[in-house]
Amino acid sequence: MNRRKAKYVPMALALLLLGANALPLEEAANSHATLLRARSSEPVVLNVYNWEDYIQDDEDLNGDNDTNDEGEQGLITLFEQAMLEEGINVHVNYSAFDTNETMLAELKTGKAEYDIICPSDYVIQKMIADDLVQPFPEDSTPNYDKYVSPFVRSKIESIEVEDEDGNIVNVNDYARGYMWGTLGLLYNPGFSGIVERGIDENKMREDLSDWTSLWSEDYRNLLAIKDSMRDTYAVGIMKTYDQDFELDGKQYEGFSTLKEKYENGTYDADTYNELVSQLFNMHDQETFDRVEKDLQALKENAFGFEVDSGKTDMARGMYFAINVAWSGDAAFAMDLADENNALHEDEEGFVPTTLKYLLPDAGANIWFDGWVIPKNAKNPELAAKFVDFLSRPDNAAVNMNYIGYTPVIAGQEILDLVRSWYDIRYWDTGELDPSALDGLTMVDPKAVYALSEEEKAESYYLKDISYFFEGTLGEGVDASKEAIFYLPATEKDRQFDTQYPDSSVLPRLAVMADFGAQQNASLLMMWEAVKNTSLPLWSYIVILLAVVLLVALAIGLKVERRQVLKRRRQRKEQRLHSAEWSKTLKKTLVEGL
């Protein structure tokens with residue numbers, strides 16, 4: 001090459017590279033400028049109102065700080081940073097409530113102004129009927145639209161409400177789902193009182209497959225019921241209308257008859273679910289009177305009412321063996337019990353607590369908590385952006401890992417996280433390892449309870465939850481092949497079944513409906529009659545002392561919950577670290593060979 005020409009080659013290459021990178025550099029400069037402008041602007045306040053402990057926050061692994069040791073931040077901080085990159089300086093003012101009723105009462109005063117709130121399904125219906133919320137801006141939540149589970153979306157879309165003007169509107173226009181689950185029975189087959197009465201695990205599970213067993217003398221003083229009007233009403237109505245009945249001179253089919261007709265093919269799945277849902281939401285005065293009598297009898301048979309302490313009592317094997325529980329609390333109780341078992345397994349005489357969860361055969365409640373935008377919200381578009389940010393599968397997975405409840409969001413990141421927790425083929429390496437099944441025998445899930453403990457330890461079963469992930473895993477990805485799990489038989493009715501019910505039970509799950517102002521008032525009167533009992537003076541003194549102890553316990557539980565979640569994250573990080581180390585070692589060996 002001509003020496004004179006050669007000396008210009010580096011310069012030409014530099015100019016060529018500069019031209020090739022001009023666009024990315026320009027984009028980077030514009031992005032940086034946007035960031036600086038946003039930071040220097042007046043912050044827009046987004047007022048968020050959510051349940052307590054219901055989002056991943058900024059927390060140090062060794063204490064409550066703004067960030068953890070690795071510099072990771074909570075979802076609220078990450079949302080604020082994401083908005084800066086879009087040129088919007090946002091400050092999230094985050095508040096928490098403890099019950100739907102507390103939130104609703106505060107909202108109705110008009111004193112508090114929120115941009116986004118997360119109530120439960122039946123309260124969302126009431127807020128729409130009372131003209132307290134507005135529709136989401138059109139096309140404002142593309143991540144949610146893309147990744148929400150088609151099953152949960154169909155449940156939300158099936159709910160229609162009459163607004164103040166008499167128009168029938170769809171809940172899906174006003175709400176975006178957040179978390180979902182079921183209301184069922186958490187039970188401890190190894191509880192001392194159960195063992196003393198000679199009730200083995202198989203009998204207990206068979207009994208609890210029927211809601212009416214809660215009224216059985218076999219379980220007297222061994223169960224706790226929810227101090228929650230609508231949830232306990234739901235339990236009562238399952239008993240009241242278990243069999244066929246007459247109302248206003250007309251014969252109706254009870255839950256048991258509906259189940260029989262579904263199983264023999266008289267009703268298809270959609271018809272069966274529609275009839276179960278109608279029965280589940282009956283709210284005439286005669287129904288209230290009947291349910292009140294049944295709940296009075298249930299109260300006599302129960303250890304007592306609880307609303308939040310039950311999951312911890314169950315995890316510690318204390319006070320009662322059966323708890324009417326939300327699925328998220330049930331999963332948390334199992335995690336806590338497993339933690340406690342691991343801490344004390346070497347102690348002589350220690351009896352481990354292994355909790356199970358099931359949905360009785362006749363029917364059960366499926367619930368969802370969702371985001372709504374109040375009528376007086378100042379920043380509805382920004383509120384929608386907040387919801388859409390949480391609806392990204394990677395963020396939903398972080399949230400799920402932190403709070404323990406199950407998001408309505410599907411997608412690959414959620415599937416990968418759930419695999420790492422539950423699928424036996426992924427436990428040791430974090431990657432698909434079919435050899436993990438070597439030496440194990442596959443069994444029908446229905447046959448698990450007929451196995452001995454030794455046989456359970458040598459068996460596994462398949463579970464298909466493609467109904468939840470269908471259409472959310474990417475173009476051309478078949479959920480019916482990807483969302484198949486291999487679980488040890490010992491894990492039947494444990495955390496995985498609690499978070500994702502088997503597809504076979506879906507037709508019997510009913511969503512709660514709002515009863516309307518007048519009927520809600522009648523229901524409240526019935527509930528107060530159930531709970532009201534005249535007591536001697538000394539009882540009130542005892543109750544006062546108990547309240548003081550419960551307040552102290554609640555503070556302790558919150559601290560303990562954070563510790564459990566912290567240890568849970570640490571274990572999963574250790575598992576991932578082990579998997580990475582295994583991959584590195586394997587790569588080194590292969591390269592060496």
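Just to be sure before I move on: is residue 523 at pLDDT 95 or above, over 19 Å from the mean Cα position of the chain (by Cα) and within 30 Å of residue 227 (Cβ to Cβ) in the structure I sent? Spell out the reasoning first.
Working: at pLDDT 95 or above: yes; over 19 Å from the mean Cα position of the chain (by Cα): yes; within 30 Å of residue 227 (Cβ to Cβ): yes.
For residue 523, the condition - at pLDDT 95 or above, over 19 Å from the mean Cα position of the chain (by Cα) and within 30 Å of residue 227 (Cβ to Cβ) - is met.
The set of residues from region 499-522 being touching a His at 6+ places or on another chain (Cβ under 7 Å) and surrounded by 20 or more Cβ atoms within 10 Å (Cβ to Cβ) comprises just one member, 515.
Find the residue count for region 117-132, including only residues that are touching a Pro at 6+ places or on another chain (Cβ under 8 Å), surrounded by fewer than 24 Cβ atoms within 10 Å (Cβ to Cβ) and part of a strand (DSSP E or B). Going through region 117-132 one residue at a time, the tally reaches 0.
Scanning region 208-230 for residues that are surrounded by fewer than 19 Cβ atoms within 10 Å (Cβ to Cβ) and of a type in the set (D, E, K, R) gives 210, 217, 218, 220, 227.
Does residue 143 meet the test of being in a helix (DSSP H, G or I), open to solvent by 30 Å² or more (accessible area, probe 1.4 Å) and modelled with pLDDT of 95 or more?
yes
Screening residue 439 against (1) open to solvent by 40 Å² or more (accessible area, probe 1.4 Å); (2) part of a helix (DSSP H, G or I); (3) farther than 28 Å from residue 389 by Cβ leaves a single unmet condition, (2).
How about region 192-274: which strands (runs of 3 or more DSSP E) wholly inside it have at least 3 residues that are without any contact (Cβ under 8 Å) to a residue 60 or more places away in the chain and not hydrophobic (A, V, I, L, M, F, W, C)? Break it down stepwise before answering.
Details: elements: 223-226, 245-247, 250-252.
Output list reads 250-252.
Counting only helices (runs of 4 or more DSSP H) wholly contained in region 277-393, the ones carrying 3 or more residues that are among the hydrophobic types (A, V, I, L, M, F, W, C) and either surrounded by fewer than 23 Cβ atoms within 10 Å (Cβ to Cβ) or out of contact with any strand residue (DSSP E or B) (no Cβ under 6 Å at 6 or more places or on another chain) (or both) occupy 285-301, 327-344, 380-390. Looking only at residues of region 313-346 that are in contact with a Ser or Thr (Cβ under 9 Å, 6 or more places away or on another chain) and without any contact (Cβ under 8 Å) to a residue 40 or more places away in the chain, we find that the one that is nearest to residue 219 (Cα to Cα) is 318.
Please find, among 410, 447, the residue that is in contact (Cβ under 8 Å) with a residue 60 or more places away in the chain, open to solvent by less than 50 Å² (accessible area, probe 1.4 Å) and out of contact with any strand residue (DSSP E or B) (no Cβ under 6 Å at 6 or more places or on another chain). Give the steps one after another, and end with the answer.
On the way: 447 fails: in contact (Cβ under 8 Å) with a residue 60 or more places away in the chain.
Result of the check over 410, 447: 410.
Of all the criteria given as (1) within 24 Å of residue 231 (Cα to Cα); (2) touching a strand residue (DSSP E or B) at 6+ places or on another chain (Cβ under 9 Å), the one not satisfied by residue 130 is (2). Can you pull out the residues in region 324-362 that are polar (S, T, N, Q) and farther than 22 Å from residue 408 by Cβ? 340, 341, 353, 354, listed by residue number. Candidates 480, 420, 503, 459: the one that is among the hydroxyl-bearing types (Ser, Thr, Tyr) and in contact with a strand residue (DSSP E or B) (Cβ under 6 Å, 6 or more places away or on another chain) is 459.
The values are calculated or read from the model by the stated rules, or taken from the named source; none is laboratory data. In this text the structure is predicted, and so the values were computed from the model without any measurement. Cβ coordinates were reconstructed from backbone atoms using ideal geometry, including for glycine residues, and neighbour counts include every protein chain displayed. All accessible areas refer to the heavy atoms of the entire protein, side chains included, with ligands and DNA or RNA removed. Shrake-Rupley method; radii C 1.70, N 1.55, O 1.52, S 1.80 Å.
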